[in-house]
Amino acid sequence: ATVKACSFVPKDLALKVSGAANKRIFDLPPDEQPVGKGSACDYGDIRLQIDPFPWATLDASAKKDKTWMQVSGVGDGAWFRESRNFAELMGHVGERTFTIQLGVPVPSPPGGMKQNAITLANSIVPKLK
């Protein structure tokens, strides 16, 4: 059975990790779609994908693109990068993979959105085991 990505992002957690200035965007229901062998959830300024691609594909992509930084302590392996618009984290637990995109507010908070992405990732990891 396909995992429902939106079940991994309850409203209280979304409000905690979101960088959105207007938290009322979370009054709208999340939008879920199939992707890869799993699903994607768009909720406010958060996009979460569960099992979109095999880890080998995600890992190889991050190793080629020097904007990605390895992150320790998240699942069995993870990568993070942040641009002006998005903070992205991708990781895996065994064969299960996930990707996270968070909108980056203007101005960006001190230290960026890395800790928010890790907080969301660490809430997902135990559910994928």
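Before moving on, here are some points about what is shown:
- Test: residue in the stretch 38-51 that is under 16 Å from Pro10 (Cα atoms), of a type in the set (Phe, Trp, Tyr) and without any contact (Cβ under 8 Å) to a residue 40 or more places away in the chain: yes
- Meets criteria (modelled with pLDDT under 95 and aliphatic (A, V, I, L, M)) for Val71: no
- Within the stretch 36-52, if we keep just the residues that are in a loop (DSSP other than H, G, I, E, B) and within 30 Å of Val106 (Cβ to Cβ), the residue that is least open to solvent (accessible area, probe 1.4 Å) turns out to be Pro52.
- Inter-residue pairs, beta-carbon under 7 Å, first over 22 Å from Ile46 (Cβ atoms) and in the stretch 60-89, second of a type outside the set (A, V, I, L, M) and open to solvent by less than 70 Å² (accessible area, probe 1.4 Å), 6+ apart: Gln70/Trp79; Asp76/His92; Asp76/Gly94
- Residue count for the stretch 1-35 satisfying the condition of being charged (D, E, K, R) and either touching a strand residue (DSSP E or B) at 6+ places or on another chain (Cβ under 8 Å) or in a strand (DSSP E or B) (or both): 3.
- Cβ-Cβ distances below 6 Å connect the following pairs, each with a first residue in the stretch 7-20 that is within 14 Å of Gln101 (Cβ to Cβ) and touching a residue at least 24 places away in the same chain (Cβ under 8 Å), a second residue that is of a type in the set (Phe, Trp, Tyr) and surrounded by 13 or more Cβ atoms within 10 Å (Cβ to Cβ), and a separation of six or more residues or different chains: Val9/Tyr43; Ala14/Phe26; Ala14/Tyr43.
- Number of positions in the stretch 90-129 that are in a loop (DSSP other than H, G, I, E, B), free of Cβ contacts under 8 Å to residues at least 40 places away in the same chain, touching an Asp or Glu at 6+ places or on another chain (Cβ under 9 Å) and over 16 Å from Ala21 (Cα atoms): 1
- Test: residue in the stretch 60-81 that is within 24 Å of Pro34 (Cα to Cα), open to solvent by less than 40 Å² (accessible area, probe 1.4 Å) and in a helix (DSSP H, G or I): yes
The values are calculated or read from the model by the stated rules, or taken from the named source; none is laboratory data. Please read all numbers here as calculations on a predicted model, not as lab measurements. A quick note on method: Cβ atoms are made from the backbone with ideal geometry, for glycine too, and the neighbour counts reach across all protein chains shown. Surface accessibility is based on the protein's heavy atoms, side chains included, excluding ligands, DNA and RNA. Shrake-Rupley method; radii C 1.70, N 1.55, O 1.52, S 1.80 Å.
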